[in-house]
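Taking it in order: structure first as structure tokens, then the write-up.
Read-outs: derived from the displayed coordinates by stated rules, not from any lab. All of these numbers come straight from a predicted model, not from anything done at the bench. Here Cβ is always computed from backbone atoms with ideal geometry, including for glycine, and neighbour counts include all displayed protein chains.
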Amino acid sequence: MRFLLDAEQKEFGRTLDRMLTASGTPQAVRAWARGEYGPGLALWQRVADAGVFGLAAPEAYGGFGPLPAELAVAFVELGRHCVPGPLAETVAATVLLAHLGGTGPAREWVPRVCAGRARVTLTLPGGGPYALDAEAADAVFTVTGSGLLSLSPGHGPVRPSVDPARRPARPAGGGTLLASGPAVRAAAALAADWAAFATAAQALGAGLALLDRTVAYARRRTQFGAPIGSFQAVKHRLADAFTGLEFARPLVFGAAVALAAGSPTARAEVAAAKAASCDAAYTAARTALQVHGAIGYTAEYDLSLWIGKARALRSAWGGPAECRARALELFAQGSG
């Protein structure tokens, strides 16, 4: 498969990059980690105004798609700039509700999400019991393994995370039952794939940001009268990080093509992209930490925001081992 972004997709990415660069995301991330959501929600609205949340929704619900390739472009930039909030979860909730057809919840929530007027999060079977950033959300959707979709009436206390700006909480039981049955289970499975796909693209962006920051630091930091980037050991670490990210990139966009085409291999390709991109981002985080030396361990240094993000995204919506096993199983089924 050969996939190249077209001119409009590239310009979309550059536009998001310029907008987010001017938005001062580190300050918003730190405020979000303290439970102060104002700056992050203002950033969220700018992202929505750029059309990002409409990329997973059909036009019938105020969206533009679904457009997986454009969504990948957007989420790479969101990861590159460490934007806080339940980003992949918003995509998953949009896909879940839209896939259930002309239900009341879809008509009520999806247009508002696309426009940035509502923030949502969710839990899905196999995704763990905690909803990301439930405290900042207007709605928390839960899907059980038996196929019950509910709107949670609240949530429990916020739990700690390796990324302080990711604030998971367990949804309260009960709530309003919205739908049930096999259609919910099918929609939930599709939503989980989109959540993993968005997380893969976000992790790729975080890894690219870590590598860029580390290369820049290695060029200006001197030791023994020479930039540390000229040392062979440092070059090898940076080259390994670069190679991992470059191998992950086509898997992410290949998964986008498969999702757009409704390919029977889409779920396997998403799993492979998730494993590769999250491992590559984690390698970039470890390299960044080591090359920066003692300053890399400092929470006050902005680099720590991306390191924590890369670590958390690695296990979100399926860890690398789980995703590899899923990809191998699904590809084997397809070839059989």
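Across segment 185-193, computed HN-Hα scalar couplings (Karplus, 6.51 cos²θ - 1.76 cosθ + 1.60, θ = phi - 60°) run 4, 5, 5, 5, 5, 5, 4, 5, 4 Hz from first to last residue, x flagging Gly and Pro. Angle of helix 38-49 to the longest C-alpha principal axis of the chain, folded into 0 to 90 degrees and rounded to 10: 70°. Shape verdict for segment 94-151, please, from the Cα gyration tensor: rounded (a/c under 1.5), prolate (a/b greater than b/c) or oblate. Because a/c hits 1.5 or more and a/b fails to exceed b/c, segment 94-151 counts as oblate. May I ask for the net charge around F75, where only other residues with Cβ less than 13 Å from the Cβ of F75 are counted and Lys, Arg are +1 while Asp, Glu are -1? After counting each charged neighbour, the total is 0. Segment 311-333 and segment 140-159 have Cα centres lying 24 Å from one another. Given the options A137, A118, A233, state which has the largest fluctuation in a GNM of the chain using a 10 Å cut-off (strictly under) for Cα springs. Between A137, A118, A233, it is A233 that shows the largest mean-square fluctuation. Among K235, K274, K309, the largest mean-square fluctuation in a Gaussian network model of the chain, built with springs joining Cα atoms closer than 10 Å, belongs to K235.
Panel values: segment 141-222, Kirkwood radius from alpha carbon pairs, Stokes-Einstein at 4 °C and 1.567 mPa s, translational diffusion coefficient 81 µm²/s. Checking the a/c ratio against 1.5 first, then a/b against b/c, what shape does the Cα gyration tensor give for segment 190-335? Prolate, since a/c reaches 1.5 and a/b exceeds b/c.
The separation of segment 107-132 from segment 162-188, counted between C-alpha centres, amounts to 8 Å.
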